[in-house]
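Peer 1: Let me begin by handing over the structure; questions about it come next.
Every read-out reported here was derived from the displayed coordinates using simple, explicitly stated rules and does not represent laboratory data. Since the structure is predicted, the reported quantities are computational estimates derived from the model, not experimental observations. Cβ atoms come from the backbone with ideal geometry, glycine included; neighbour counts cover every protein chain shown.
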Amino acid sequence: MNGRERILACFAGEQTDSLPFMPITMMFAADRVGIPYGAYATNYRNLVEGQLRTAEEFDIDYVSAISDPAREAADCGAHIEVFEDQPPAIIESDALLADKTTLASLTPPDPYGGGRMHDRVLGIEALSASVGGDKLVEGWVEGPIAEAADLRGINHLMIDFLDDPAFVRDLFEFVLENALAFGRAQIEAGANLIGVGDAAASLINRSLYDEFVLPYEKRLIDGLQEAGGTIRLHICGNTKHLLDGIAPLGCEMVDLDSLVEMTDARELLGPDQVIAGNIDPVRALRNSDPATIRQDLTSCHQAAGDRYIVGAGCEVPRDTPLENFHAMREFARSVGG
C-alpha cells in the first residue's frame, strides 16, 4: 500500500498493511530544507519543497499545505505581521473587526485572487502534481470560531457570545461562506483531505459550543464533503467536554491534542471514529527518546484500537531529534491496521 491508499483504507474501515503515519510538520519541514519559516509560509514553492523532502525522508503518508492560521484573515484585510523565521501573526490589538460594523462591508475574498489563500491553492496544485497518487494531499481552512477570533479578536469574541449573539451568528455566516469557497478551491486543485482547524473551540463551554459553533462546523464539514473532500478536524487544547458533540459531525478523522486521554476519546467518539494522535509534542516527542516514544504510541494505539492514525498531539516541534521522529515512523510501520 502507498500512503494515499493506506489513509483512505483506514477511513473506510478496511484492513491496512500498517498504521497510517500523519504527523503535522510545518517549522520542522522548513528546517529540513534550510528555509526560514517566514519564506516557507509565504511562498508555496518553499512549502512544497519542505513537505516533499520531509515526507520522503520520514516515509510520511501525506503532504500538507498547512502553515499558519492567518491566510484567510490576511486576504480579508486583517493586520498580519510576517517574521523572518517564525509563523505570521495576526495583530489582535488592531483586529479587523474591532469595530463590529465593519462586518457589513466585508465580502469573502477570492481564493484565486492572488493573495495568501491563492498561494495555498497553488501549493496544493504543485503537491498534487508531485506526489501523484502515492500520498494523500491535505489542504486546510480555519473553522468557525477560530477564524471569527482571528477577525474580531478572541477576547472581544468571548464577550460577544453573551452581549451580541446576533453579531456572532452574522460573523460565523461570513466565515462559513469564506471557508467553503476556500476549501472547494483546494479540493479542485487536488486536495484529498481538508484539515479544519478550530482551535478556540476548546476555550468555550459545552452550551456555547452546541449553540454557536457546532451548527457551523457541521455545515462546513457537510459542504466540503459534498465537494469531494474528506475531513480532518483539529481543535487544540482539552476537548473532552466537546467530544460526544463532535462525534456526529461525521469527520473522517479527529486529530486530538495531547490534553485528551485516548481512552476518554474512544469512549466519547464511539468505536468507528478514526482518531489521530496524540502524544505530547514536547514532553513525549521532542524531549523523549525512541524507546519511550514507542511505549507511548503503543498505549495510544491500545486505547484507540485499530481505527487509529499515528501522530503527535499537534505540530512536531522544529528541533525534534531525528531519531525520535524516526521512532514514530517505525512504530507506525510495525503495526498492522
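Peer 1: Quick check for you: which residues of the range 131-175 have the amide N under 17 Å from the point 7 Å beyond the Cα of T107 toward its beta carbon?
Peer 2: Counting backbone N atoms under 17 Å from the label point, the list is 174-175.
Peer 1: Now for a different question. Of the chymotrypsin sites (Phe, Trp or Tyr not before Pro) in the range 55-120, which ones lie in a loop per DSSP and count no more than 12 other C-beta atoms within 10 Å?
Peer 2: Taking the range 55-120 and a limit of 12 other Cβ atoms within 10 Å, the loop chymotrypsin sites (Phe, Trp or Tyr not before Pro) found are F83.
Peer 1: Turning to a different aspect of this structure: Want the number for A9 to E267: 0.36 nm per residue separation, take away the alpha-carbon distance, what's left?
Peer 2: Result: 90.6 nm gained on full extension.
Peer 1: Give me the percent of DSSP beta bridges within the chain that run antiparallel, rounded to the nearest 5.
Peer 2: 10 percent
Peer 1: Could you work out [θ]222 nm for the chain from helices alone, using -39500 (n - 2.57) per DSSP H run of at least four and dividing by all its residues? Round to the nearest 500 deg cm²/dmol.
Peer 2: -14000 deg cm²/dmol
Peer 1: Report the label-to-label distance for H79 and S334 in nanometres (one decimal), using points 7 Å from each Cα along the Cα→Cβ vector.
Peer 2: So the label points at H79 and S334 sit 5.1 nm apart.
Peer 1: Exactly which GluC sites (Glu not before Pro) in the range 59-136 are in a DSSP loop and have at most 16 other Cβ atoms within 10 Å?
Peer 2: Counting only loop positions with at most 16 other Cβ atoms within 10 Å, the GluC sites (Glu not before Pro) in the range 59-136 are E84.
Peer 1: Can I ask one more? Under a crude label model (7 Å from the Cα following the beta-carbon direction), how far is A89 from E57 in nanometres?
Peer 2: Going by the 7 Å Cα→Cβ label model, 2.7 nm.
Peer 1: Assign one of three labels to the range 158-255, namely rounded, prolate or oblate, based on the Cα gyration tensor with a ≥ b ≥ c the square roots of its eigenvalues; rounded applies when a/c is under 1.5, prolate when it is not and a/b is larger than b/c, and oblate otherwise.
Peer 2: Note, shape of the range 158-255 comes out oblate.
Peer 1: For the range 9-70 and the range 243-304, what is the centre-to-centre distance using only Cα atoms, to the nearest Å?
Peer 2: 19 Å
Peer 1: Continuing with this model, one more query. Hey, what did the range 30-165 get for relative contact order, percent, Cα under 8 Å, at least 6 apart?
Peer 2: Here the relative contact order equals 29 percent.
Peer 1: A further question on this structure: What distance in nm separates the simple spin-label points at D99 and A291, each placed 7 Å from Cα in the Cβ direction?
Peer 2: 6.4 nm
Peer 1: Charges at C-beta only: +1 for Lys and Arg, -1 for Asp and Glu. How large is the resulting dipole of the chain about its Cα centre, in Debye rounded to 20?
Peer 2: Taking the Cα centre of the chain as origin, the dipole is about 520 debye.
Peer 1: Follow-up question, since we're still on this one. Give me the angle, in degrees from 0 to 90, between the Cα long axis of helix 322-334 and the longest principal axis of the Cα atoms of the chain, rounded to the nearest 10.
Peer 2: So the inclination is approximately 70 degrees.
Peer 1: Here is a further query. Give me H156, H326 sorted ascending by neighbouring Cβ count inside 10 Å, so fewest comes first.
Peer 2: H326, H156
Peer 1: To continue, here is another question. Just want to confirm a number: the relative contact order over the chain, from Cα pairs under 8 angstrom separated by 6+ residues, in percent.
Peer 2: Over the chain, the number comes to 20 percent.
Peer 1: Also: Just want to confirm a number: the relative contact order over the range 117-239, from Cα pairs under 8 angstrom separated by 6+ residues, in percent.
Peer 2: Across the range 117-239, relative contact order equals 34 percent.
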